Amino acid sequence: MFENLSDRLDSVFKKLKGHGTLNEKNIDDGLKQVRMALLEADVNYKVAKSVISDIKERALGQEVMQSLTPGQQVIKIVNDEFTRMMGSEHQGLNFDGSSLGSIMLIGLQGSGKTTTAGKLALYLRKEGRKPFLVPVDVYRPAAIDQLKKIGQQLDVPVFESTTEMKPLKICQDALLAAREQGCDTLLLDTAGRLHLDEELMAELKGIKQGINPSEILLVADAMTGQDAVNIAGSFDKALDLDGVVLTKMDGDARGGAALSIKAVTGKPLKFIGVGEKSTALEAFHPDRMASRILG
Ligand code: GDP
């Protein structure tokens, strides 16, 4: 694994004993280490560059606090900056007070959409809502079966989609069925592809226009690093996301994707997936992710 940033900075700053001032020279040395750590943690290089220049501005001329070493102080500045960039506080789901809410889950195949649909169903039920799972991937019968199975396991109703139905029609019919069954929150598990393509985007745009969902959440795989950032940028441009769920954060992804996705799209990360089980969903907390990125 990587050398801890704190150790690296301590060795850079060890010459600066006592309580000197952070000056141009020692900050540049320290920020070189920060930059390396950011790139290793999968932070997009453009984002890393702008973070470094912001941090430098804030750090220059700061008195080194009595309680911290210069290295610790730089880490604190970096940490504060990351937290600020990622939105400071956890942002929850937004239902605009409507009685029938819908969450459209979008993302590439394998990103964890279907698994996340189950996780969110469980989360919403704990919040006192009545979720309704809706398989919208009519191109892969296995995806429909997978969601049905998850529904059975969690005892959450699942709309009876078939591969002959049109995706938009499924969503429209599911709205009526949810109401009939006393459910108040639809989780639309839309189709994914291995790569982004026009046809998929057109289908997703059609669903968005047709049913005006309360939330469009992108499900992105943290393990794919920079690809996740590019994918988030493209989906956001086409569909104007409300937020992002970053999955597979139980792996060794350092979380640079979280920082970069927020910087590129401006959209909040709302949850992280931390395992395959339905309970493995956590609210996204910018401060915790900042510490993780720094290692
Ligand atoms: P979809 O094609 O986007 O619907 O993706 P799936 O929900 O089928 O997930 C693809 C694979 O990723 C499955 O093997 C899931 O168990 C796994 N997966 C999903 N989310 C997570 C997560 O947060 N952590 C881990 N370790 N695996 C996950």
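Numbers for the structure displayed
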{"read-out": "Sole exception among (1) in contact with an Asp or Glu (Cβ under 7 Å, 6 or more places away or on another chain); (2) open to solvent by 10 Å² or more (accessible area, probe 1.4 Å) for residue 282, by number", "value": "(1)"}
{"read-out": "Test: residue in segment 157-169 that is open to solvent by less than 20 Å² (accessible area, probe 1.4 Å) and among the hydrophobic types (A, V, I, L, M, F, W, C)", "value": "no"}
{"read-out": "Count of residues meeting criterion [touching a helix residue (DSSP H, G or I) at 6+ places or on another chain (Cβ under 8 Å) and either surrounded by 14 or more Cβ atoms within 10 Å (Cβ to Cβ) or modelled with pLDDT under 95 (or both)] in segment 131-156", "value": "15"}
{"read-out": "Residue 291, sole failed condition from (1) modelled with pLDDT of 95 or more; (2) open to solvent by 30 Å² or more (accessible area, probe 1.4 Å); (3) over 20 Å from residue 93 (Cα atoms); (4) of a type outside the set (Phe, Trp, Tyr)", "value": "(1)"}
{"read-out": "Residues within segment 92-121 that are open to solvent by less than 40 Å² (accessible area, probe 1.4 Å) and not in a strand (DSSP E or B), tallied", "value": "16"}
{"read-out": "Some residue of segment 183-196 being open to solvent by 30 Å² or more (accessible area, probe 1.4 Å) and over 21 Å from the mean Cα position of the chain (by Cα)", "value": "yes"}
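The values are calculated or read from the model by the stated rules, or taken from the named source; none is laboratory data. Small disclaimer: the values here were computed from a predicted structure and weren't measured. Note: ideal-geometry Cβ built from the backbone for every residue, glycine included; neighbour counts use all protein chains shown. Please note that ligands, DNA and RNA were not included when accessible areas were found on the heavy atoms of the full protein model with its side chains. Shrake-Rupley method; radii C 1.70, N 1.55, O 1.52, S 1.80 Å.
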